[in-house]
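Data block below; observations after.
The values are calculated or read from the model by the stated rules, or taken from the named source; none is laboratory data. Computed from a predicted structure; not experimentally measured. Positions of Cβ are generated from backbone atoms using ideal geometry, with glycine treated the same way; all protein chains shown enter the neighbour counts.
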Amino acid sequence: MSIEICTIGGFSETGKNSTAVKIDEEVVILDMGLHMENYIRYTEDEDIRAMTYEELLQVNAVPNYDLINDWKDKVIGIIPSHGHLDHIGAIPFSASIFPKSPIICTPYTAEVLRSIFKDERISIPNNLISLNLNSIYKLSENISVELVNMTHSIPHASMIVLHTPYGKIVYANDYKFDRQPTLGKTPNFDRLQEIGKEGALLLIVECLYAHEHKKMPSESVAKQMLKDVMLGVHAEKKAMIVTTFSSHLARLKSIIELGNKLNRKIVFLGRSLSKYVTAGERINLIDFQKNITLVKHRDRIEKILTKINKEGKQKYLLVVTGHQGEPKAILSRMVRNELPFKFENGDVVIFSCSVIPVELNKDNRDKLERQIRSKGARIFKDIHVSGHAAREDHRDLIELVKPKHIIPSHAGQDKANNLASLAEEMGYKRNKSVHLMEDGKRIILK
Ligand SMILES: [Zn+2]
(Lines give C-alpha, C1' and ligand atoms only; values in the text may rest on other atoms or scores of the structure.)
Protein backbone atom coordinates (compact mmCIF):
# COMPACT_ATOMS: atom_id res chain seq x y z
CA MET A 1 0.00 0.00 0.00
CA SER A 2 1.66 3.15 -1.12
CA ILE A 3 1.92 6.16 -3.35
CA GLU A 4 4.19 5.95 -6.35
CA ILE A 5 4.99 8.85 -8.67
CA CYS A 6 6.19 8.52 -12.25
CA THR A 7 7.49 11.78 -13.66
CA ILE A 8 6.67 11.32 -17.32
CA GLY A 9 7.47 14.65 -18.93
CA GLY A 10 8.75 18.10 -17.98
CA PHE A 11 11.40 16.84 -15.56
CA SER A 12 14.34 16.62 -17.97
CA GLU A 13 13.29 19.67 -20.01
CA THR A 14 10.82 22.56 -20.08
CA GLY A 15 7.68 21.33 -21.81
CA LYS A 16 5.44 18.27 -22.26
CA ASN A 17 4.40 18.40 -18.61
CA SER A 18 2.91 15.18 -17.31
CA THR A 19 3.06 13.29 -14.01
CA ALA A 20 1.37 10.02 -13.07
CA VAL A 21 0.41 9.37 -9.44
CA LYS A 22 -0.35 5.77 -8.44
CA ILE A 23 -2.36 5.46 -5.26
CA ASP A 24 -2.59 1.74 -4.41
CA GLU A 25 -4.06 0.30 -7.61
CA GLU A 26 -5.41 3.53 -9.12
CA VAL A 27 -3.54 6.05 -11.25
CA VAL A 28 -4.22 9.75 -11.89
CA ILE A 29 -2.39 11.69 -14.61
CA LEU A 30 -1.68 15.35 -13.88
CA ASP A 31 -1.26 17.43 -17.07
CA MET A 32 -0.77 16.14 -20.60
CA GLY A 33 1.26 18.85 -22.28
CA LEU A 34 3.09 19.54 -25.51
CA HIS A 35 6.77 20.34 -25.84
CA MET A 36 6.17 23.65 -27.58
CA GLU A 37 9.63 24.09 -29.10
CA ASN A 38 9.60 20.63 -30.66
CA TYR A 39 5.99 21.05 -31.69
CA ILE A 40 6.54 24.43 -33.37
CA ARG A 41 9.74 23.24 -35.05
CA TYR A 42 7.69 20.45 -36.56
CA THR A 43 4.53 22.43 -37.46
CA GLU A 44 5.85 26.04 -37.69
CA ASP A 45 2.73 27.07 -35.81
CA GLU A 46 1.69 27.57 -32.20
CA ASP A 47 -1.80 26.27 -32.98
CA ILE A 48 -2.96 22.68 -32.58
CA ARG A 49 -3.40 20.74 -35.82
CA ALA A 50 -4.86 17.27 -36.25
CA MET A 51 -1.95 14.83 -36.21
CA THR A 52 -1.15 11.41 -34.80
CA TYR A 53 0.36 10.69 -31.39
CA GLU A 54 3.01 8.55 -33.08
CA GLU A 55 4.37 11.30 -35.33
CA LEU A 56 4.47 13.76 -32.41
CA LEU A 57 6.18 11.18 -30.19
CA GLN A 58 8.81 10.74 -32.86
CA VAL A 59 9.71 14.45 -32.76
CA ASN A 60 9.60 14.40 -28.95
CA ALA A 61 6.68 16.83 -28.77
CA VAL A 62 4.40 14.75 -26.50
CA PRO A 63 4.95 12.84 -23.21
CA ASN A 64 5.94 9.21 -23.68
CA TYR A 65 3.18 7.13 -22.10
CA ASP A 66 5.04 3.88 -22.82
CA LEU A 67 6.79 4.80 -19.58
CA ILE A 68 3.62 3.77 -17.72
CA ASN A 69 2.59 0.86 -19.92
CA ASP A 70 2.20 -1.30 -16.80
CA TRP A 71 -0.20 1.29 -15.27
CA LYS A 72 -2.26 1.88 -18.39
CA ASP A 73 -5.40 0.03 -17.25
CA LYS A 74 -5.35 1.64 -13.83
CA VAL A 75 -5.76 5.25 -14.96
CA ILE A 76 -8.98 6.74 -13.52
CA GLY A 77 -8.51 10.43 -14.28
CA ILE A 78 -6.59 12.95 -16.40
CA ILE A 79 -6.38 16.32 -14.68
CA PRO A 80 -4.90 19.32 -16.47
CA SER A 81 -4.02 22.21 -14.14
CA HIS A 82 -4.74 25.03 -16.64
CA GLY A 83 -5.25 25.71 -20.33
CA HIS A 84 -1.68 26.35 -21.54
CA LEU A 85 -0.62 24.02 -24.34
CA ASP A 86 2.42 22.76 -22.45
CA HIS A 87 -0.16 21.37 -19.96
CA ILE A 88 -3.15 20.39 -22.15
CA GLY A 89 -1.77 20.35 -25.70
CA ALA A 90 -1.08 16.60 -25.81
CA ILE A 91 -4.64 15.69 -24.74
CA PRO A 92 -6.02 15.65 -28.33
CA PHE A 93 -3.33 13.14 -29.31
CA SER A 94 -2.82 10.99 -26.21
CA ALA A 95 -5.93 11.01 -23.97
CA SER A 96 -7.34 8.14 -26.07
CA ILE A 97 -4.53 5.89 -24.77
CA PHE A 98 -6.63 5.92 -21.57
CA PRO A 99 -10.12 5.85 -23.14
CA LYS A 100 -12.12 5.21 -19.96
CA SER A 101 -10.49 7.97 -18.01
CA PRO A 102 -12.42 11.26 -17.70
CA ILE A 103 -10.63 14.60 -18.13
CA ILE A 104 -11.41 16.91 -15.22
CA CYS A 105 -10.49 20.59 -15.33
CA THR A 106 -11.72 24.14 -14.72
CA PRO A 107 -14.45 25.55 -17.02
CA TYR A 108 -12.08 27.74 -19.05
CA THR A 109 -9.62 24.89 -19.59
CA ALA A 110 -12.51 22.66 -20.69
CA GLU A 111 -13.76 25.34 -23.08
CA VAL A 112 -10.30 25.72 -24.67
CA LEU A 113 -10.17 21.95 -25.16
CA ARG A 114 -13.64 21.96 -26.73
CA SER A 115 -12.51 24.70 -29.16
CA ILE A 116 -9.45 22.68 -30.16
CA PHE A 117 -11.54 19.54 -30.73
CA LYS A 118 -14.10 21.48 -32.77
CA ASP A 119 -11.64 23.51 -34.88
CA GLU A 120 -9.55 20.49 -35.78
CA ARG A 121 -12.42 17.99 -35.92
CA ILE A 122 -10.66 15.82 -33.34
CA SER A 123 -12.75 13.43 -31.32
CA ILE A 124 -11.57 11.58 -28.23
CA PRO A 125 -13.43 8.89 -26.30
CA ASN A 126 -12.83 10.48 -22.88
CA ASN A 127 -15.52 12.33 -20.93
CA LEU A 128 -14.69 16.00 -20.42
CA ILE A 129 -15.88 17.17 -17.02
CA SER A 130 -15.64 20.79 -15.97
CA LEU A 131 -15.13 21.39 -12.26
CA ASN A 132 -15.48 24.84 -10.74
CA LEU A 133 -12.55 26.42 -8.95
CA ASN A 134 -12.37 25.62 -5.24
CA SER A 135 -14.59 22.55 -5.70
CA ILE A 136 -13.97 18.86 -5.10
CA TYR A 137 -14.77 15.89 -7.36
CA LYS A 138 -14.81 12.29 -6.18
CA LEU A 139 -12.79 10.16 -8.60
CA SER A 140 -13.19 6.90 -6.68
CA GLU A 141 -13.86 5.53 -3.22
CA ASN A 142 -10.40 6.59 -2.10
CA ILE A 143 -9.42 9.53 -4.28
CA SER A 144 -10.88 13.02 -4.76
CA VAL A 145 -9.56 15.95 -6.73
CA GLU A 146 -9.80 19.60 -5.71
CA LEU A 147 -8.92 22.56 -7.94
CA VAL A 148 -7.74 25.51 -5.83
CA ASN A 149 -7.96 28.96 -7.41
CA MET A 150 -4.58 30.35 -8.52
CA THR A 151 -3.23 33.30 -10.48
CA HIS A 152 -1.01 32.65 -13.53
CA SER A 153 -1.18 34.05 -17.08
CA ILE A 154 -4.38 32.39 -18.24
CA PRO A 155 -7.85 32.42 -16.63
CA HIS A 156 -8.96 29.60 -14.33
CA ALA A 157 -5.48 28.38 -13.45
CA SER A 158 -5.64 25.90 -10.59
CA MET A 159 -3.45 24.23 -8.05
CA ILE A 160 -4.51 20.56 -8.14
CA VAL A 161 -4.96 18.87 -4.78
CA LEU A 162 -5.36 15.09 -4.77
CA HIS A 163 -6.99 13.79 -1.60
CA THR A 164 -5.70 10.28 -0.91
CA PRO A 165 -5.80 7.94 2.09
CA TYR A 166 -2.08 8.73 2.57
CA GLY A 167 -2.32 12.50 2.60
CA LYS A 168 -2.74 15.28 0.08
CA ILE A 169 -0.71 15.75 -3.08
CA VAL A 170 -0.45 19.36 -4.20
CA TYR A 171 0.46 20.09 -7.82
CA ALA A 172 1.60 23.72 -8.25
CA ASN A 173 2.40 23.73 -11.94
CA ASP A 174 2.03 26.69 -12.94
CA TYR A 175 1.23 29.50 -10.54
CA LYS A 176 2.15 32.90 -9.23
CA PHE A 177 0.98 34.71 -6.12
CA ASP A 178 -0.65 37.85 -7.53
CA ARG A 179 -2.51 39.93 -4.98
CA GLN A 180 -3.56 42.50 -7.58
CA PRO A 181 -4.69 40.50 -10.60
CA THR A 182 -6.35 42.43 -13.44
CA LEU A 183 -8.78 39.58 -14.28
CA GLY A 184 -10.13 36.94 -11.89
CA LYS A 185 -9.64 36.47 -8.18
CA THR A 186 -6.57 36.47 -5.94
CA PRO A 187 -5.12 33.03 -5.06
CA ASN A 188 -7.02 31.07 -2.42
CA PHE A 189 -4.44 31.52 0.34
CA ASP A 190 -6.92 30.47 3.05
CA ARG A 191 -7.38 27.06 1.48
CA LEU A 192 -3.61 26.58 1.08
CA GLN A 193 -3.20 27.33 4.76
CA GLU A 194 -5.90 24.79 5.67
CA ILE A 195 -4.19 22.18 3.50
CA GLY A 196 -0.97 22.92 5.37
CA LYS A 197 -2.77 22.30 8.66
CA GLU A 198 -4.46 19.12 7.41
CA GLY A 199 -1.08 17.86 6.20
CA ALA A 200 0.26 17.50 2.68
CA LEU A 201 2.32 14.46 1.72
CA LEU A 202 3.85 15.91 -1.45
CA LEU A 203 4.23 19.21 -3.28
CA ILE A 204 5.10 19.06 -6.97
CA VAL A 205 6.13 22.60 -7.81
CA GLU A 206 7.37 24.46 -10.87
CA CYS A 207 10.92 25.81 -10.59
CA LEU A 208 11.36 28.04 -13.68
CA TYR A 209 12.28 31.14 -11.66
CA ALA A 210 13.43 29.52 -8.41
CA HIS A 211 16.83 31.21 -8.99
CA GLU A 212 15.34 34.72 -9.00
CA HIS A 213 15.50 36.18 -5.52
CA LYS A 214 12.29 38.15 -5.63
CA LYS A 215 8.55 38.03 -5.58
CA MET A 216 7.19 37.96 -9.13
CA PRO A 217 5.53 41.34 -9.77
CA SER A 218 1.76 41.49 -10.25
CA GLU A 219 -0.03 41.56 -13.60
CA SER A 220 -1.09 45.10 -12.65
CA VAL A 221 2.59 46.06 -13.09
CA ALA A 222 2.50 44.74 -16.66
CA LYS A 223 -0.58 46.87 -17.23
CA GLN A 224 1.33 49.96 -16.07
CA MET A 225 4.24 49.09 -18.37
CA LEU A 226 1.85 48.82 -21.30
CA LYS A 227 0.16 52.08 -20.38
CA ASP A 228 3.53 53.81 -20.26
CA VAL A 229 4.31 52.74 -23.81
CA MET A 230 0.92 52.81 -25.47
CA LEU A 231 -0.16 56.17 -24.05
CA GLY A 232 3.34 57.61 -23.79
CA VAL A 233 4.83 57.15 -27.23
CA HIS A 234 4.45 59.73 -30.00
CA ALA A 235 2.68 57.70 -32.65
CA GLU A 236 -0.56 59.55 -33.34
CA LYS A 237 -0.18 59.23 -37.08
CA LYS A 238 1.37 55.79 -37.04
CA ALA A 239 0.29 52.18 -36.93
CA MET A 240 0.30 50.54 -33.51
CA ILE A 241 0.57 46.76 -33.38
CA VAL A 242 0.66 44.71 -30.18
CA THR A 243 1.44 41.03 -29.89
CA THR A 244 1.17 38.86 -26.79
CA PHE A 245 0.22 35.36 -25.64
CA SER A 246 -3.21 34.59 -27.14
CA SER A 247 -4.34 32.86 -23.96
CA HIS A 248 -3.35 35.78 -21.71
CA LEU A 249 -6.84 37.26 -21.43
CA ALA A 250 -5.85 39.55 -18.53
CA ARG A 251 -3.15 41.16 -20.69
CA LEU A 252 -5.51 41.41 -23.67
CA LYS A 253 -8.06 43.10 -21.42
CA SER A 254 -5.48 45.78 -20.48
CA ILE A 255 -4.57 46.24 -24.15
CA ILE A 256 -8.25 46.79 -25.01
CA GLU A 257 -8.68 49.34 -22.21
CA LEU A 258 -5.65 51.28 -23.42
CA GLY A 259 -6.73 51.03 -27.06
CA ASN A 260 -10.06 52.58 -26.06
CA LYS A 261 -8.22 55.43 -24.32
CA LEU A 262 -6.31 56.04 -27.56
CA ASN A 263 -9.61 56.13 -29.44
CA ARG A 264 -8.31 53.56 -31.88
CA LYS A 265 -10.55 50.86 -33.31
CA ILE A 266 -9.29 47.56 -31.97
CA VAL A 267 -8.87 44.59 -34.28
CA PHE A 268 -7.69 41.13 -33.17
CA LEU A 269 -6.17 39.05 -35.97
CA GLY A 270 -5.36 35.34 -35.86
CA ARG A 271 -6.69 31.89 -35.20
CA SER A 272 -5.33 31.33 -31.73
CA LEU A 273 -6.49 34.76 -30.48
CA SER A 274 -9.94 33.89 -31.71
CA LYS A 275 -9.82 30.51 -29.98
CA TYR A 276 -8.93 31.77 -26.50
CA VAL A 277 -11.13 34.89 -26.64
CA THR A 278 -14.21 33.00 -27.83
CA ALA A 279 -13.66 30.34 -25.17
CA GLY A 280 -13.62 33.09 -22.50
CA GLU A 281 -16.76 34.70 -23.90
CA ARG A 282 -18.65 31.41 -24.06
CA ILE A 283 -18.36 31.01 -20.29
CA ASN A 284 -18.91 34.74 -19.63
CA LEU A 285 -15.45 35.43 -18.26
CA ILE A 286 -15.02 38.38 -20.62
CA ASP A 287 -16.99 40.33 -23.21
CA PHE A 288 -14.22 41.63 -25.45
CA GLN A 289 -16.29 41.60 -28.65
CA LYS A 290 -18.28 44.60 -27.43
CA ASN A 291 -15.08 46.58 -28.00
CA ILE A 292 -13.14 44.73 -30.67
CA THR A 293 -13.42 43.16 -34.10
CA LEU A 294 -12.12 39.60 -34.01
CA VAL A 295 -10.95 38.13 -37.31
CA LYS A 296 -9.86 34.55 -37.70
CA HIS A 297 -10.13 33.48 -41.33
CA ARG A 298 -7.44 34.22 -43.85
CA ASP A 299 -9.61 35.88 -46.51
CA ARG A 300 -11.33 38.09 -43.93
CA ILE A 301 -7.95 39.07 -42.49
CA GLU A 302 -6.83 40.19 -45.96
CA LYS A 303 -10.05 42.14 -46.43
CA ILE A 304 -9.85 44.02 -43.14
CA LEU A 305 -6.15 44.86 -43.59
CA THR A 306 -6.92 46.31 -47.01
CA LYS A 307 -9.66 48.41 -45.40
CA ILE A 308 -7.31 49.56 -42.62
CA ASN A 309 -4.67 50.63 -45.15
CA LYS A 310 -7.31 52.63 -47.00
CA GLU A 311 -8.93 54.28 -43.95
CA GLY A 312 -5.62 55.09 -42.26
CA LYS A 313 -3.83 52.69 -39.95
CA GLN A 314 -3.41 55.43 -37.30
CA LYS A 315 -7.10 54.92 -36.53
CA TYR A 316 -6.54 51.32 -35.49
CA LEU A 317 -4.88 49.23 -32.83
CA LEU A 318 -3.94 45.82 -34.22
CA VAL A 319 -3.52 42.90 -31.85
CA VAL A 320 -1.90 40.01 -33.69
CA THR A 321 -0.45 36.54 -33.18
CA GLY A 322 3.26 35.84 -33.57
CA HIS A 323 4.97 37.13 -30.41
CA GLN A 324 7.65 34.45 -30.59
CA GLY A 325 8.25 35.07 -34.29
CA GLU A 326 6.38 31.92 -35.39
CA PRO A 327 6.76 31.93 -39.20
CA LYS A 328 3.10 31.12 -39.90
CA ALA A 329 1.64 33.67 -37.46
CA ILE A 330 0.09 36.99 -38.53
CA LEU A 331 2.93 39.32 -37.56
CA SER A 332 5.54 37.35 -39.53
CA ARG A 333 3.23 37.21 -42.53
CA MET A 334 2.55 40.96 -42.34
CA VAL A 335 6.28 41.68 -42.28
CA ARG A 336 6.97 39.34 -45.19
CA ASN A 337 4.31 41.21 -47.23
CA GLU A 338 2.19 38.08 -47.46
CA LEU A 339 -0.71 40.15 -46.11
CA PRO A 340 -1.85 43.53 -47.44
CA PHE A 341 -0.17 45.70 -44.82
CA LYS A 342 2.62 48.17 -45.47
CA PHE A 343 4.98 49.02 -42.62
CA GLU A 344 6.29 52.60 -42.63
CA ASN A 345 8.82 54.65 -40.77
CA GLY A 346 7.78 55.19 -37.16
CA ASP A 347 5.10 52.50 -36.98
CA VAL A 348 5.04 50.95 -33.52
CA VAL A 349 5.32 47.22 -32.74
CA ILE A 350 4.93 46.25 -29.08
CA PHE A 351 5.98 42.81 -27.85
CA SER A 352 4.03 42.31 -24.61
CA CYS A 353 5.89 39.11 -23.85
CA SER A 354 9.36 37.80 -23.23
CA VAL A 355 11.18 35.54 -25.66
CA ILE A 356 10.83 31.98 -24.40
CA PRO A 357 14.55 31.19 -24.12
CA VAL A 358 14.95 28.30 -26.51
CA GLU A 359 17.04 28.36 -29.68
CA LEU A 360 14.12 28.14 -32.10
CA ASN A 361 12.29 31.09 -30.56
CA LYS A 362 15.44 33.20 -30.28
CA ASP A 363 16.19 32.59 -33.96
CA ASN A 364 12.61 33.24 -35.07
CA ARG A 365 12.36 36.43 -33.03
CA ASP A 366 15.78 37.74 -34.17
CA LYS A 367 14.73 37.28 -37.75
CA LEU A 368 11.34 38.92 -37.22
CA GLU A 369 12.81 41.91 -35.38
CA ARG A 370 15.42 42.46 -38.10
CA GLN A 371 12.68 42.46 -40.72
CA ILE A 372 10.54 44.92 -38.71
CA ARG A 373 13.48 47.27 -38.17
CA SER A 374 14.46 47.12 -41.83
CA LYS A 375 11.10 48.74 -42.59
CA GLY A 376 11.79 51.58 -40.20
CA ALA A 377 9.24 50.51 -37.60
CA ARG A 378 9.94 50.99 -33.88
CA ILE A 379 10.12 47.95 -31.61
CA PHE A 380 9.16 47.95 -27.91
CA LYS A 381 10.25 44.69 -26.30
CA ASP A 382 9.63 42.89 -23.01
CA ILE A 383 6.60 44.95 -22.01
CA HIS A 384 5.81 42.03 -19.78
CA VAL A 385 5.71 40.46 -16.34
CA SER A 386 5.94 36.69 -16.01
CA GLY A 387 3.07 34.51 -14.80
CA HIS A 388 5.45 32.21 -12.92
CA ALA A 389 6.39 32.30 -9.25
CA ALA A 390 9.90 33.38 -8.19
CA ARG A 391 12.00 32.10 -5.30
CA GLU A 392 10.29 34.07 -2.52
CA ASP A 393 6.83 33.04 -3.76
CA HIS A 394 7.96 29.41 -3.57
CA ARG A 395 9.15 29.99 -0.01
CA ASP A 396 5.69 31.32 0.90
CA LEU A 397 4.00 28.36 -0.80
CA ILE A 398 6.16 25.79 0.99
CA GLU A 399 5.52 27.55 4.30
CA LEU A 400 1.76 27.54 3.67
CA VAL A 401 1.43 23.93 2.48
CA LYS A 402 4.16 22.40 4.68
CA PRO A 403 4.59 19.30 2.51
CA LYS A 404 6.47 16.24 3.75
CA HIS A 405 8.09 15.79 0.33
CA ILE A 406 8.90 18.19 -2.53
CA ILE A 407 9.50 17.43 -6.21
CA PRO A 408 10.60 20.34 -8.44
CA SER A 409 8.99 20.28 -11.88
CA HIS A 410 8.69 22.07 -15.24
CA ALA A 411 12.43 22.08 -16.08
CA GLY A 412 15.62 20.07 -16.18
CA GLN A 413 18.15 19.48 -13.42
CA ASP A 414 19.71 22.95 -13.36
CA LYS A 415 16.52 24.72 -12.47
CA ALA A 416 15.26 21.88 -10.28
CA ASN A 417 18.47 22.31 -8.29
CA ASN A 418 17.58 25.92 -7.53
CA LEU A 419 14.27 24.86 -6.02
CA ALA A 420 15.98 22.04 -4.13
CA SER A 421 18.46 24.49 -2.63
CA LEU A 422 15.58 26.68 -1.44
CA ALA A 423 13.97 23.59 0.13
CA GLU A 424 17.27 22.81 1.84
CA GLU A 425 17.35 26.34 3.25
CA MET A 426 13.97 25.50 4.75
CA GLY A 427 15.15 22.26 6.36
CA TYR A 428 14.38 19.67 3.67
CA LYS A 429 16.97 17.01 2.86
CA ARG A 430 18.02 15.97 -0.64
CA ASN A 431 16.86 12.46 -1.61
CA LYS A 432 14.99 12.20 1.69
CA SER A 433 12.36 14.93 1.46
CA VAL A 434 13.28 16.87 -1.70
CA HIS A 435 13.69 14.73 -4.79
CA LEU A 436 15.23 15.62 -8.14
CA MET A 437 13.51 13.59 -10.82
CA GLU A 438 13.98 12.94 -14.54
CA ASP A 439 11.53 11.92 -17.24
CA GLY A 440 10.64 8.27 -16.73
CA LYS A 441 11.83 8.00 -13.12
CA ARG A 442 9.64 6.58 -10.39
CA ILE A 443 9.61 7.16 -6.66
CA ILE A 444 7.64 5.52 -3.85
CA LEU A 445 6.62 7.85 -1.04
CA LYS A 446 5.99 6.68 2.48
ZN1 LIG B 1 1.19 27.87 -17.70
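For region 284-315, the set of residues classified as in contact with a helix residue (DSSP H, G or I) (Cβ under 8 Å, 6 or more places away or on another chain), in a loop (DSSP other than H, G, I, E, B) and modelled with pLDDT of 95 or more consists of Leu285, Ile286, Asp287, listed by residue number. Among residues that are at negative phi, at pLDDT 95 or above, within 12 Å of the ligand (Cβ to nearest atom) and in the same structural domain as Tyr65 (by TED's automatic domain parsing), His152 is included. Which ones in region 68-85 are closer than 12 Å to Thr106 by Cβ and more than 14 Å from the ligand (Cβ to nearest atom)? Selection gives Ile79 alone.
Scanning region 162-185 for residues that are within 18 Å of the chain's Cα centre (by Cα) and away from the ligand (no atom under 16 Å from the Cβ) turns up Thr182, Lys185.
The set of residues in region 130-149 that are assigned to a loop (DSSP other than H, G, I, E, B), more than 16 Å from the ligand (Cβ to nearest atom) and within 9 Å of Thr106 (Cβ to Cβ) comprises Leu131, Asn132.
Each row is one residue, and each column tells you yes or no for (1) part of a strand (DSSP E or B); (2) of a type in the set (A, V, I, L, M, F, W, C); (3) touching a His at 6+ places or on another chain (Cβ under 8 Å).
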site: Ile5; (1), (2), (3): yes, yes, no
site: Tyr39; (1), (2), (3): no, no, no
site: Val62; (1), (2), (3): no, yes, yes
site: Ile68; (1), (2), (3): no, yes, no
site: Asp73; (1), (2), (3): no, no, no
site: Gly77; (1), (2), (3): yes, no, no
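Just one of Val170, Val112, Val161, Val145 is surrounded by 19 or more Cβ atoms within 10 Å (Cβ to Cβ) and out of contact with any helix residue (DSSP H, G or I) (no Cβ under 9 Å at 6 or more places or on another chain); which is it?
From the options Val170, Val112, Val161, Val145, the qualifying one is Val145.
Look at (1) surrounded by fewer than 21 Cβ atoms within 10 Å (Cβ to Cβ); (2) over 19 Å from the mean Cα position of the chain (by Cα) and you find that Ile195 fails only one, number (1).
Quick check on my filter: what residues within region 86-109 are in contact (Cβ under 8 Å) with a residue 60 or more places away in the chain and either in a helix (DSSP H, G or I) or more than 16 Å from the ligand (Cβ to nearest atom) (or both)? Working first, answer last.
Of region 86-109, the ones in contact (Cβ under 8 Å) with a residue 60 or more places away in the chain are 86-87, 90, 94-95, 98, 101, 107-108.
Within region 86-109, Asp86, His87, Ser94, Ala95, Phe98, Ser101, Pro107, Tyr108 qualify.
A count restricted to region 231-277 and to residues that are more than 25 Å from Gly184 (Cβ to Cβ), β-branched (Val, Ile, Thr) and buried (at least 23 other Cβ atoms within 10 Å of the Cβ) stands at 1.
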